[in-house]
Amino acid sequence: MIYYATSILLILIGMYAVLVKKNLIKIVIGLSIVDNGIHLLLIAIGYVKDGTAPIFSKPGLQASQMVDPVPQALVLTAIVIGLAVTAVALSLIIRLYDHHKTLNINKIRKLKW
Amino acid sequence: MNWLTIVVVILSIVLIIAAVFAVYQKDLLLAVIGTSAVSVVLSVLFYILQAPDVALTEAAIGVALTTIIFVITIKKTKRFEE
Amino acid sequence: MSRFIFSFVIFFLIWLGFTSTFHYQEVITGALLSLVLASLSYKSFTERGLFYLSPKRLFYILKYLAVFLIALVKANFDVAKRVINPKLPINPGIVTYHTTLKSDTAKMFLANSITLTPGTLTVDIIDDKLYIHWIDVKSEDPEVIYSEIGKDFEVILKEIFK
Amino acid sequence: MSPVHFIAIPLFAAFLIPLAGKVSKELVKIIPGLVLLYLSFVSVTLFPIGTHHPVVEIIAGFKPPFGITLYYGAIAAFLTTLITLIGFVIWLYSYKFIIREPIEKYYMLFMMLITGSTGIVLTGDIFNLFVFFEITSIAAYSLTAFLRDRDGAEAAFKYLLIGSFASTFFLLAIAIIYANVHTLNLADIAVKIQDVPVTTRLFVLILFLIGLGIESEMFPLNGWAPDAYSQAPSPVGAVFGGIVVKAAVYSLMRIIFLMFNSHDVLHFLLVMGIITMLIAEMSAMKQQQIKRMLAFSSIGQMGLVIIAFGIGTEPSVRAAMFQMFNHALIKSLLFFSAGYLVFHSGSKKISALDGLGHDKPITSFFFAFGALAIIGLPPFSGFWSKLYILLSIADAGLMVPVVLILISSIIEAVYYLRVVSRLYFYKEEATDVRRTPVSGLIAMGILTVVILLVGFYPNLILNWMTPAAADLLNKASYIKFGLF
Amino acid sequence: MRKVIAILLLFIIGYYSLDVLLKIPFGESAGGVGKHYLESTIKETGAVNSVTAIVVSYRGFDTLGEVTVLFLAATGLGAILYDKKAKKRALQNASVIVKTSSKIIYPLIALLGAYVFVHGHLTPGGGFQGGAIIATGVLLMFISYRSFETNHKALSIIESLAGMTFVTIGFAGLIYGTSFLQNILPFGIPGELFSAGIIPLIYIAVGFKVGAELTALLDNLLKTIK
Amino acid sequence: MIYIYVILIVLAIIFAALRGLLGPTASDRVVALDNLTTISTAGLVLLGFVFQRFIYIDVSLIYGVLSFVGVLTIARYLEGGL
Amino acid sequence: MILNIVGNILVTVGTVFLFLGALGIFRMPDVYSRLQAGTKATTLGALSTVIGVGFLQPEWIWKTLLIAIFIAISNPISSHALARGSYKTGLKPYMKKEGLDSYAEVEKEEVK
């Protein structure tokens, strides 16, 4: 339960940053926090009480006492995608800063909404 | 109440505080340090949730690479929020 | 050549530590990887190579480790003493420490050791001067500084890197 | 030959291009063309097979709910053909149009965008859909900012922001679905989602509508589109209008028809489509820049498509597919010609186009042709699709949408004809001596010929649309084939 | 005003998502696909690590997509930050300690990265993590030495070749087996290094690719016009 | 026995996090982050022992290495290098 | 058995020092003193915890030793870099007595 609450809180905090903050880098930070929240949620969904990691590295491990590996695989992919999006966003920010000399969203004409 | 549960609760609180700190801080470098701390704690949580693969990835990408590219961007732009 | 072999040996040992097994497949892979890595990076990895592995130096390295560990433990009790004491008995300042070591690697080890020993922290290192933050400055006299902070290490390091 | 080619070959090309760039610059430009030609060939040969009987390609040799599958049914066959053909034409146009460095990177991004969109169309797995969505989106962000000017970077950032918000919702939806049904295969989800509580399903539906609605330019979520279309290089505008949006709309419809096939959802879609269309057409009226106008027109057309899907009967879906086909061709033509018109006039403003009809007759002719086609005048293909949509709506007994569509068509006619009249009936002395390159003209020529051909023989395409519509509507067959 | 609207909106989202999430039982043993994967990982893929088996084998297509996404990010970043003028890292010298130590530590980090991606099917980690670790090692050199240069040509060749290898392995499955990315090699004894068929091969390709890509990405980001 | 370890480590995390929260300067917070990662590295090893899985040790190894690079980057930024 | 006892002692010592280190960075007055407390205590703490675990689980010892070695090398480096960085951002160390700052002159020369 605590995991669900934490992840939802993380998602909400991140979204708040994206919606309210005026600074471009702050917005990207918000996005990465949202991502983190969703990753935590997915892993929590796959958790099994008193389970162990889904790696058969020593004898005597039963499949029934392992946590669900699928969400973990999904999160691996999602983390990498998040990194890619962050990198592109930050490069765009560098470009924008070159042109406008500011990171404030209100001073950049079209980004207002 | 399991001792692990208590650890998790405390870590979650630290996590949330770090996230709020990252969002509210005017100094962008500190905000990035906040996100880095979020990743650090999150990685420990993944570990406790029996997902070492994910914990490892989060350590490699969240703690190191994301922080690094954020810091480089701040270096190339501006450190303080107006 | 000796540098190459030295780095190969070190990498291979570390690989064995990573895998913690002597299974033939792991050993083969490790040897191959260490070979490739060593050939790529032996020039930057070490300056002297096998030179470090002579028995005399090995003895000094062990001695160094012992001195270092004792200093580390002392340092910790020192920190503990200061932290727990409610009055925080400190008198910090930055002092200059002159070293006679020549090699960069030796300087690095000296600086690291100083950082981990009681009450001192290397702030910067310029040529042969180390700037050290000392939590409890006893004296500003270079002689005292030398003997208080890094004499023990420097003597041994000199032997190792001679 | 298997449908995997559509995804793997362009990807291979994208990896190959940097190596080719070491050999010669010209090779970089040629490889994508060859690849797209090959893919068009594959798509045409596979087309009858897929239309006749869905091909389910398994990846890595695991049976459907466990491995990822590619579902190559009638609709996927149609869309992959569309994407590869339009992609080829766009390549032909880009050949001389993209002169700005780094050309190599442009083609790499373009190839990966093709990969992403064919992947969206083909995949039968929801997380795989997400991955391909991200591929398409990131390629689109980078291409939007390709010119590296002030406005381009702004538009791209805006697009990226909205897009990442969308992908967040999409991922959340996947997480909730997985938590409830413990499977990721679309067909399997369609079976198992029936047992999920209603509130959960509703929540997931909303998340999907937000997540996919952004790329398919649905009403409150299309703020990125005008900027992105107008700031990106012209061929990229055609890519957005002709490829990305089509794939996104398809995946949205696929998910809705598979998982939430109830009338309330469809009615909601209908309403959203109408709002999207009306607002977009009105905004298009006001635009001063030609590409922004085209962007809004594109949103309006997608609104029309969503309305037709929202009716949810077989004729309407068929008409919607037909409209998608026409729109892809015509909007590409418009973007191509507008690209050179802007290039010749040196300004993005509509008012700068005065008299170009005399100076650059061929390019202007293509623009006028496209404008007439998209309005829906009789001999062109646009006419038929609009007619069928109207007929199918009337069949369903809804008169209000018919009237609204007609009104919006009039608005559309007004603003397109305004541009065309500026081209031809205003006189200003010519200053520009540059020519439109032949490869660009050929690209536009191909599109014109196809549009005319379809205009005269609409059944040529329409016959193929019938199995496609059946494919989208028939959930049982999707489940049967998707799960073996 | 904007804040109030945002907070209200977030409350609604939060309320509903919590409502939905509370219906999901927490900590119950894996059902559906997950259970099947756990039970048949070793039998069907020969890998010991289920997560790796899923990432590379069962859902190998996702991984291909993931590799593409990273490649895309590196390419897009290169396109966005492209400049005709030559670029250099604007860097002040680091202290001797940092310089010397990064020289020593950097091959070790590379070795660690290699260890992680070679053992992807046995231990946590794999190609992505290994590649990321290697890139971090190179970054250590980037930030300590102004003059440390990677060979761009070599990097892009590694990137391309590794990507093409992945696709080729996929096609090999199509040609010699029945489907794209299908395993065509023997599984070996589970738990040994040389086992699990194509998984280690794919992870090695991915590791090289990701390492090269991330290095190029960081290099691009660090450089400015001087 | 394990209770004592856990309590001590959790307390350590709390103190480090508090220092990160209170500041006052950026350097202080980075110091806090650095310590947080070191404490977590040790904590992860201990947790791996509790869970009795050898493979978990990899995670803490990589965690330590990468957080070192992350902190070093931030330090280089503070120095004005980078 | 002996290994077990030694391991437990080491882990106990380690966690205690980890705690003291954290307390140190919490209580000390300025960055440099915090670094002093933080580095030394957490390094020994982590070292001894990690090696202690190695004693508790003898087959893990090689890897835990590696972690320990790495921590011992990397921690002082990062704290040195942080100290240098802090000084360059203009943070003067807290001093009870003025004039104990010999690094200030170097700074001044470099600025010129």
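The values are calculated or read from the model by the stated rules, or taken from the named source; none is laboratory data. Being a predicted model, the structure only gives us computed values, none of them experimental. No Cβ is skipped: glycine too gets one built from the backbone with ideal geometry, and neighbour counts run over all protein chains shown. These accessible areas exclude ligands, DNA and RNA; they are computed on the full protein's heavy atoms, side chains included. Shrake-Rupley method; radii C 1.70, N 1.55, O 1.52, S 1.80 Å.
Restricting to the stretch D:156-186, count the residues that are in contact with a Lys or Arg (Cβ under 8 Å, 6 or more places away or on another chain), more than 8 Å from chain E (Cβ to nearest Cβ) and either surrounded by fewer than 22 Cβ atoms within 10 Å (Cβ to Cβ) or among the aliphatic types (A, V, I, L, M) (or both).
1
Identify the residue in the stretch D:146-155 that is of a type in the set (D, E, K, R) and open to solvent by 10 Å² or more (accessible area, probe 1.4 Å) and, among all such residues, is nearest to the other protein chains (Cβ to nearest Cβ).
D:150
Could you count how many residues in the stretch C:86-118 are within 7 Å of chain G (Cβ to nearest Cβ), touching a strand residue (DSSP E or B) at 6+ places or on another chain (Cβ under 7 Å) and in contact (Cβ under 8 Å) with a residue 40 or more places away in the chain?
The number of residues fulfilling the criteria is 7.
Residue check, residue E:133 against (1) touching a residue at least 12 places away in the same chain (Cβ under 8 Å); (2) under 27 Å from residue C:9 (Cα atoms); (3) more than 7 Å from every other protein chain (Cβ to nearest Cβ), all met but one. Which one?
Answer for residue E:133: the failing condition is (3).
Mind checking which residues of the stretch E:110-120 are more than 14 Å from residue C:44 (Cα to Cα) and assigned to a helix (DSSP H, G or I)?
The answer is E:111, E:112, E:113, E:114, E:115, E:116, E:117, E:118.
Given the stretch E:1-106, what helices (runs of 4 or more DSSP H) lie entirely inside it while holding 3 or more residues that are open to solvent by less than 10 Å² (accessible area, probe 1.4 Å), more than 22 Å from residue B:51 (Cβ to Cβ) and not small (Gly, Ala, Ser)?
Qualifying helices (runs of 4 or more DSSP H): E:60-80.
Consider residue A:60 against the criteria (1) at negative phi; (2) surrounded by fewer than 24 Cβ atoms within 10 Å (Cβ to Cβ): it satisfies all of them except one. Which criterion is unmet?
Just one mismatch for residue A:60, condition (1).
Of all residues in the stretch B:30-82, count the ones that are under 17 Å from residue F:75 (Cβ atoms) and assigned to a loop (DSSP other than H, G, I, E, B).
Residues flagged as under 17 Å from residue F:75 (Cβ atoms) and assigned to a loop (DSSP other than H, G, I, E, B) within the stretch B:30-82 amount to 1.
Within the stretch A:2-49, can you find the residues that are at the interface with another protein chain (Cβ under 7 Å from one of its Cβ atoms) and either of a type in the set (Ser, Thr, Tyr) or on the phi > 0 side of the Ramachandran plot (or both)?
Result: A:4, A:6, A:16, A:32, A:47.
Looking only at the stretch D:307-334, which residues are over 13 Å from the mean Cα position of the chain (by Cα) and not small (Gly, Ala, Ser)?
Just the residues of the stretch D:307-334 that are over 13 Å from the mean Cα position of the chain (by Cα), to begin with: D:307-319, D:333-334.
Correct list: D:307, D:309, D:311, D:313, D:314, D:315, D:317, D:318, D:333, D:334.
Here is a yes/no grid of residues against (1) touching a residue at least 24 places away in the same chain (Cβ under 8 Å); (2) under 10 Å from the mean Cα position of the chain (by Cα):
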site: G:15; (1), (2): yes, no
site: G:18; (1), (2): yes, yes
site: G:23; (1), (2): no, no
site: G:26; (1), (2): no, no
site: G:36; (1), (2): no, yes
site: G:41; (1), (2): yes, yes
site: G:44; (1), (2): yes, yes
site: G:53; (1), (2): yes, no
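Considering E:159, E:192, E:213, which residue is open to solvent by 10 Å² or more (accessible area, probe 1.4 Å), acidic (Asp, Glu) and within 21 Å of the chain's Cα centre (by Cα)?
Residue meeting the stated conditions: E:159.
Can you pull out the residues in the stretch C:22-52 that are open to solvent by less than 80 Å² (accessible area, probe 1.4 Å), at pLDDT below 75 and more than 10 Å from every other protein chain (Cβ to nearest Cβ)?
Scanning the stretch C:22-52 gives C:49, C:50, C:51, C:52.
Do we find a residue being among the hydrophobic types (A, V, I, L, M, F, W, C) and not in a helix (DSSP H, G or I) anywhere in the stretch D:291-306?
Checked the stretch D:291-306: no residue is among the hydrophobic types (A, V, I, L, M, F, W, C) and not in a helix (DSSP H, G or I).
Inside the stretch B:1-38, can you point out the residues that are surrounded by fewer than 24 Cβ atoms within 10 Å (Cβ to Cβ), hydroxyl-bearing (Ser, Thr, Tyr) and over 27 Å from residue A:65 (Cα atoms)?
Correct list: B:24 only.
Got a number for residues in the stretch E:129-156 being closer than 15 Å to residue B:65 by Cβ and open to solvent by less than 10 Å² (accessible area, probe 1.4 Å)?
Of the residues in the stretch E:129-156, the ones closer than 15 Å to residue B:65 by Cβ are E:129-140, E:142-143.
After this cut, where a residue has to be open to solvent by less than 10 Å² (accessible area, probe 1.4 Å) as well, the list is E:129-133, E:135-137, E:139-140, E:142-143.
The qualifying residues number 12.
Of A:47, A:3, which residue is touching a residue at least 24 places away in the same chain (Cβ under 8 Å), surrounded by fewer than 24 Cβ atoms within 10 Å (Cβ to Cβ) and more than 16 Å from the chain's Cα centre (by Cα)?
Exactly one of A:47, A:3 is touching a residue at least 24 places away in the same chain (Cβ under 8 Å), surrounded by fewer than 24 Cβ atoms within 10 Å (Cβ to Cβ) and more than 16 Å from the chain's Cα centre (by Cα), namely A:47.
On the basis of being of a type in the set (Gly, Ala, Ser) and surrounded by fewer than 21 Cβ atoms within 10 Å (Cβ to Cβ), does residue D:251 make the cut?
Details: of a type in the set (Gly, Ala, Ser): yes; surrounded by fewer than 21 Cβ atoms within 10 Å (Cβ to Cβ): no.
So residue D:251 does not fit the description; no.
Give E:66, E:44 a once-over and let me know the one that is touching a residue at least 12 places away in the same chain (Cβ under 8 Å), among the acidic types (Asp, Glu), over 21 Å from residue B:57 (Cα atoms) and facing chain D (nearest Cβ under 8 Å).
Unique residue meeting the criteria: E:44.
If you scan the stretch G:80-89, which residues turn out to be facing chain F (nearest Cβ under 7 Å) and assigned to a helix (DSSP H, G or I)?
G:81, G:82, G:84, G:85, G:86, G:88
Given the conditions (1) open to solvent by less than 10 Å² (accessible area, probe 1.4 Å); (2) under 18 Å from residue A:31 (Cα atoms), which single one is not true for residue D:129?
Tallying (1) open to solvent by less than 10 Å² (accessible area, probe 1.4 Å); (2) under 18 Å from residue A:31 (Cα atoms), residue D:129 fails exactly one: (2).
For the stretch A:50-78, how many residues are under 11 Å from residue E:38 (Cβ atoms), within 7 Å of chain E (Cβ to nearest Cβ) and not in a loop (DSSP other than H, G, I, E, B)?
Final tally of qualifying residues: 6.
Of these, F:29, F:53, which one is more than 9 Å from chain G (Cβ to nearest Cβ) and surrounded by fewer than 24 Cβ atoms within 10 Å (Cβ to Cβ)?
Only one candidate qualifies: F:53.
Yes/no matrix, rows are residues, columns are (1) in contact (Cβ under 8 Å) with a residue 40 or more places away in the chain; (2) out of contact with any helix residue (DSSP H, G or I) (no Cβ under 9 Å at 6 or more places or on another chain); (3) outside any loop (DSSP other than H, G, I, E, B):
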site: F:5; (1), (2), (3): yes, no, yes
site: F:10; (1), (2), (3): no, no, yes
site: F:13; (1), (2), (3): no, no, yes
site: F:35; (1), (2), (3): no, no, yes
site: F:40; (1), (2), (3): no, no, yes
site: F:49; (1), (2), (3): no, no, yes
site: F:54; (1), (2), (3): no, no, no
site: F:59; (1), (2), (3): no, no, yes
site: F:65; (1), (2), (3): no, no, yes
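Go through the residues of the stretch F:7-25 one by one and say whether even a single one is of a type in the set (S, T, N, Q) and crowded, with 24+ Cβ neighbours inside 10 Å.
The answer is no, given that none of the residues of the stretch F:7-25 is of a type in the set (S, T, N, Q) and crowded, with 24+ Cβ neighbours inside 10 Å.
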